[in-house]
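Reading through the structure tokens given below for one structure.
The values are calculated or read from the model by the stated rules, or taken from the named source; none is laboratory data. Source: prediction; values computed, not measured. Please note: Cβ atoms are built from the backbone with ideal geometry, for glycine as well, and neighbour counts cover all protein chains shown. Keep in mind that these areas ignore ligands, DNA and RNA; they rest on the heavy atoms of the full protein, side chains included. Shrake-Rupley method; radii C 1.70, N 1.55, O 1.52, S 1.80 Å.
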Amino acid sequence: MKPLRVGTRGSPLALAQTRIVTDRIRRLFPGIEIEQRVVRTTGDRFSRAALSRLAGQSKGLFVKEIEEALLEKAIDLAVHSLKDLPAQLPPGLHLAAFPERETATDAFVSFLPCKSISELPDRARVGTGSLRRRIQLLALRPDLEIVPIRGNIRTRLDRIRREALAGVVLAAAGLTRLGLEDRIAFEFGPDEMVPAVGQGALAIEVRRNDRRVLEVAESLDHPRTRTAVEAERAFLAAMGGGCQVPMGAHVRPVDDGFEVTAFAADENGASLDRFRSRCSLLELSRTIEKAVRRLQETGSAESGKPIEGRR
């Protein structure tokens, strides 16, 4: 059998996530030969630029070149952070698996002894490069000074001391996958900060007609995770957004159903609105449609007072 060529970005987190996937493949398919191939993406090349500015020029900043490598048959399988993927895939490609999801929450990393956002000092400096996080932080604490930051997780953690920040906001899943969960001061509940669509989940992308690779990839799928993240991506597609649009959605399995939490605002933070509901599996699609209708009516409106905050 030919080696399975697995494509990934070269960041420490991307490599750790790919290792999780390849280790699982080796357990399920003993003797399989795997080659890891690092692909440099547009988002990696412009690591110092403002992500929101780049997002206006191109969707899929961290996946475009990887998907091109799949279509050109330079790799057989790609491992993505699901939140990096645009709502629409290129023709011929398929998301064959969503492994079991890590926590989807956002985490606050700080050297201060704080257990919630309310315990931060007045006018505290908080780092994040995410418009979604900025808007929701300022909704919770309008006095905060939001400091734009980019780079990989360790780079952003280093900036806490270097720039005298009260802390930074990062995905809890990324910290956990890098063995840095002990750096988390507290996690935001979805009712405080709605996660990005797909946050905490991995996506395995393959060519739709590659039956050999499909068999391997589909063995990694976790049905409850698939149901949840596909509902979130349906929300994203209906809202017409990419990863830097100020909106979020989280579908969490609870008991015999799901809890749906979503939010939207305009780029200034005006008209921020949230949606929250519990539903059964049969009601999930309809609940996502209700969330979209509600947030399209209010979340992207031009009226309302912008959330300015300190910059």
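Values as computed for the structure displayed
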| read-out | value |
| --- | --- |
| Length added when fully stretched, Asn209-Asp158, from 0.36 nm per residue minus Cα-Cα | 13.9 nm |
| Beta bridge orientation in the chain: antiparallel %, DSSP, nearest 5 | 70 |
| Per residue, in Å², the accessible surface of the chain once ligands and nucleic acids are set aside, probe 1.4 Å | 47 |
| Cα-Cα pairs of segment 213-283 separated by more than 13 Å (percent) | 70 |
| Extension gain from Lys2 to Arg123, taking 0.36 nm per residue of separation minus the Cα-Cα distance | 37.8 nm |
| Peptides ranked, highest mean first, by Cβ atoms within 10 Å: ranges 270-281, 186-197 | 186-197, 270-281 |
| Inter-probe distance in nm under a simple model that places probes 7 Å from Cα toward Cβ, at Glu145 and Leu281 | 5.2 |
| Cα Rg, Dmax, the chain, angstrom units | 19.3, 61 |
| Solvent-accessible area of Met247 with every protein chain in place, 1.4 Å probe, in Å² to the nearest 10 | 20 |
| Extended-chain gain in nm, criterion 0.36 nm per residue less alpha-carbon gap, Gln296 and Glu192 | 35.4 nm |
| Sites Thr103 and Asn268 - FRET efficiency at Förster radius 30 Å, r taken between beta-carbons, to 0.05 | 0.50 |
| Listed peptides 116-129, 168-181 by packing density, highest first (mean Cβ within 10 Å) | 168-181, 116-129 |
| Per-residue SASA entry for Asp143, accessible area with 1.4 Å probe, Å² rounded to 10 | 50 |
